[in-house]
Amino acid sequence: MEPSPKDGESAAAAEPGRGGAAPSSGVVVQVREKKGPLRAAIPYMPFPVAVICLFLNTFVPGLGTFVSAFTVLCGARTDLPDRHMCCVFWLNIAAALIQILTAIVMVGWIMSIFWGMDMVILASKYS
C-alpha cells in the first residue's frame, strides 16, 4: 500500500518524473542595509582615529562619538552626502548626548561601544 500525498503536497511533487524538483536557476539576491540618519552620520575616519574613538567610547560613553563629530568638520565623509556638514555634525553630537544620558541604565554604554565598533569597521573597509 503506497502512502498518498498529504493535503499540503501537490501531485507533481509526489511524482519525480513530472518536474517536482526545479533545477537551480542561478538567481542573484542582493541585500542592502537601510541606515537611519544617526547611523548614516557615522564618519569614515582614518583607522587610528577610529580606534581611539572606540577606546574612548568603551571607557567614557559618548566621548568617542563626540570626538568623531569634529572629524566631520575636518572633512570626513559620511553616508549622508545630501546633508550639509553642520547638520551631520549636530547629528553626531545628538548621538553622543544620547549615549551619555542613557549610560546610567547601561543602554548608552552598550550603544557607545557598538558605535565605536561601527567606526572601526567603516574605517577598515574604506581606508
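Coordinate-derived values only; no laboratory data. Keep in mind the model is a prediction, meaning the values are calculated, not measured. With ideal geometry, Cβ positions are generated from the backbone for all residues, glycine too; neighbour counts draw on all protein chains shown.
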### Task
With label points built 7 Å along Cα→Cβ from the Cα atoms of V105 and F70, find their separation and express it in nm.
3.1 nm
### Query
F47 to D79: extension gain in nm, 0.36 nm per residue of separation minus the Cα-Cα distance?
9.8 nm
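Would you work out if the stretch 45-102 is rounded, prolate or oblate? Take a ≥ b ≥ c from the square roots of the eigenvalues of the alpha-carbon gyration tensor; rounded if a/c is under 1.5, else prolate when a/b is larger than b/c, oblate otherwise.
The shape class here is oblate.
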#### Entry: Extension reserve of the V28-F59 stretch, reckoned as 0.36 nm per residue once the Cα distance is removed
6.9 nm
